[in-house]
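Q: Before I ask anything, here is the structure I am working with.
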Amino acid sequence: MNVYDSSRMTDVLAPLGYEPVDSPRGADMVILNTCHIREKASEKVFSELGRLRAFKQEREAEGGDMVLAVAGCVAQAEGEEILRRAPQVDLVFGPQTYHRLPEMVARALRSADGGGQLDIDFPVESKFDHLPEEMAAPGAAAFLSVQEGCDKFCSFCVVPYTRGAEFSRPVASVLAEARRLVEAGVQEITLLGQNVNAYHGEAETGGTPGGTWGLGRLLRALAEIEGITRLRYTTSHPRDMDDDLIAAHAEEPKLMPYLHLPVQSGSDRILAAMNRQHTADDYLRIVERLRRALPDIALSSDFIVGFPGESDADFAETLRLVTEVGYAQAYSFKYSPRPGTPAAVADEQLPEAVKAERLAGLQQLLGAQAAAFNQACVGRTLPVLLERAGRKPGQLVGRSPYMQSVHVPVPEGTQQRLIGSLFDVAIEAAYDHSLGGRLLVDDAPQHSTRARISA
Ligand code: 5AD
Ligand code: SF4
């Protein structure tokens, strides 16, 4: 979501004459868009601000100026502290107010005293009603934010405090942005939300209220837009995986056979302490329903190890759940106490060494599952949307339906022409985090759907 927000900040600033550059050296403005989800991410902000101060001083020594801004969830949660500890910062604003950037920038440029401004409101107006329609060229695959914030209050998580209450963008606004993306050449759209499957956007039909739509209905409407060939959504909560959404996976070939569905832990005791509002068995039943709807769906998850009070037996339950589900991919983290969350003040915080050991054990299992999943793709033909140049010359990188990066060699001089197209690729090699393959055709883009995936 920060990637999406950053690109929209660029769009807000474009009419003022700002455009993205590759380096902070010599820039008129630097915006540090920050994440507060774990301590490690948020610690980086202050060290990064030190580094940016040097660029700002360099610019001032040359007689120029640099507006230095901190955006995102660290700004939201620790805005005042940032201004106190880092006087070089001119602007601090949260994730819900960046549509006001033009006013903030104008004030920053006018104020000679250099006092920093803070805008961490949760405004009544939605930023989505104030963001410009014009967007920078997004490439073949793009994000589209449809839902923000969260009312679930998992006991470890800062999101309900930093991103605010759950909010769904109205259907018309989502469809209009999707159409603009398609006009700009996008084929694959990933719908974003902290709780994206809790989406319940207001719909209108012919100007009259049409109730609210869930995510399944929204995905089906998006699938009708010509030019969209692939749809994804992230991140989901197990409790919001409703029948209609599961049915959409079975019925809608544009919806990719891959789902990120975080479970966090396999222990019912820990799930309850985390306030996840479901059991391990509830989760396994959802996985069963998904697989019944779409047998080849690939699953991914997030895990937290070393949550306060987690015993060896609780951790063993997590390993058991992982073994039972079989993930294509996953993210796992050591529990990180976050200020203001209930779990941070819970008794029985675990020693770092225990967290590290459990993380290593879990990652070994998840790594082996991912490697096996990738290996099982060797010999198959998968449709790949080529998105960008690879690291090696003559190589392009795209995504398989299952979100794997796929590297393919392409003939000299064809790179630019081939980027942005879907091709069938014969998968020939599997690595830890990606696949290698060969284009089955070297021209004529395929309009591929899941039906084309051959075993
Ligand atoms: N400590 C560790 N991991 C966390 N996550 C969220 N909060 C914390 C925390 N306090 C992880 C969860 C979530 C992902 C986005 O980040 O696994 O799904
Ligand atoms: Fe955080 Fe997700 Fe729980 Fe909401 S549902 S509190 S975003 S982990």
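Q: Residue check: is Gly64 at positive phi and assigned to a loop (DSSP other than H, G, I, E, B)?
A: Judged against the criteria, Gly64 is not a match.
Q: Does Thr229 satisfy the condition of being among the β-branched types (Val, Ile, Thr) and within 22 Å of Gly193 (Cα to Cα)?
A: yes
Here's the yes/no breakdown for (1) more than 16 Å from ligand 1 (Cβ to nearest atom); (2) more than 22 Å from Leu366 (Cα to Cα):
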{"position": "Glu252", "(1), (2)": "yes, yes"}
{"position": "His260", "(1), (2)": "no, no"}
{"position": "Ala272", "(1), (2)": "yes, yes"}
{"position": "Gln277", "(1), (2)": "no, yes"}
{"position": "Tyr283", "(1), (2)": "no, no"}
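Q: For segment 1-54, enumerate the residues that are within 16 Å of ligand 2 (Cβ to nearest atom) and either of a type in the set (Ser, Thr, Tyr) or in a loop (DSSP other than H, G, I, E, B) (or both).
A: Met1, Tyr4, Cys35, His36, Ile37, Arg38, Ser42
Q: Just one of Gln329, Gln369 is more than 30 Å from Gln76 (Cβ to Cβ) and either within 16 Å of ligand 1 (Cβ to nearest atom) or of a type outside the set (Gly, Ala, Ser) (or both); which is it?
A: Checking each option against the conditions leaves just Gln369.
Q: Sort out which residues of segment 281-316 are within 16 Å of ligand 2 (Cβ to nearest atom) and either exposed (fewer than 15 other Cβ atoms within 10 Å of the Cβ) or without any contact (Cβ under 8 Å) to a residue 12 or more places away in the chain (or both), and write them in order of number.
A: Scanning segment 281-316 gives a single hit, Asp302.
Q: Another question, then. If I go through segment 78-96 residue by residue, how many of them are in a loop (DSSP other than H, G, I, E, B), crowded, with 22+ Cβ neighbours inside 10 Å and without any contact (Cβ under 8 Å) to a residue 40 or more places away in the chain?
A: 1
Q: List pairs: first residue in segment 44-64 and in the same structural domain as Arg85 (by TED's automatic domain parsing), second residue part of a helix (DSSP H, G or I) anywhere in the structure, Cβ distance under 6 angstrom, at least six positions apart or on different chains.
A: Going by the 6 Å Cβ cut-off, the qualifying pairs are Val45/Val74.
Q: Something else: Condition test on Ala165, is it more than 16 Å from ligand 1 (Cβ to nearest atom), under 30 Å from Gln349 (Cα atoms), out of contact with any Pro (no Cβ under 6 Å at 6 or more places or on another chain) and of a type in the set (A, V, I, L, M)?
A: Criteria met by Ala165.
Q: Look through Val174, Val146 and report the one residue that is under 16 Å from Ala221 (Cα atoms) and touching a residue at least 60 places away in the same chain (Cβ under 8 Å).
A: None of the other options fit; the residue is Val146.
Q: Could you tell me whether Ser173 is among the hydroxyl-bearing types (Ser, Thr, Tyr) and within 15 Å of ligand 2 (Cβ to nearest atom)?
A: Considered against the rule, which asks whether it is among the hydroxyl-bearing types (Ser, Thr, Tyr) and within 15 Å of ligand 2 (Cβ to nearest atom), Ser173 comes out as no.
Q: While we're on this one: Please give the number of the condition Ser300 fails out of (1) polar (S, T, N, Q); (2) under 30 Å from Phe423 (Cα atoms); (3) more than 16 Å from ligand 1 (Cβ to nearest atom).
A: (3)
Q: Failed condition for Val345, given (1) surrounded by fewer than 16 Cβ atoms within 10 Å (Cβ to Cβ); (2) within 12 Å of ligand 1 (Cβ to nearest atom), with all others met?
A: The single condition Val345 does not satisfy is (2).
Q: Taking the criterion of being part of a strand (DSSP E or B) and either in contact with a Lys or Arg (Cβ under 7 Å, 6 or more places away or on another chain) or within 16 Å of ligand 1 (Cβ to nearest atom) (or both), would at least one residue in segment 195-217 satisfy it?
A: Yes; the residues of segment 195-217 include at least one that is part of a strand (DSSP E or B) and either in contact with a Lys or Arg (Cβ under 7 Å, 6 or more places away or on another chain) or within 16 Å of ligand 1 (Cβ to nearest atom) (or both).
Q: Looking only at segment 46-67, count how many residues are closer than 22 Å to Tyr4 by Cβ and crowded, with 21+ Cβ neighbours inside 10 Å.
A: 0
The values are calculated or read from the model by the stated rules, or taken from the named source; none is laboratory data. All of these numbers come straight from a predicted model, not from anything done at the bench. Virtual Cβ from ideal backbone geometry, glycine too; neighbours counted across all protein chains shown.
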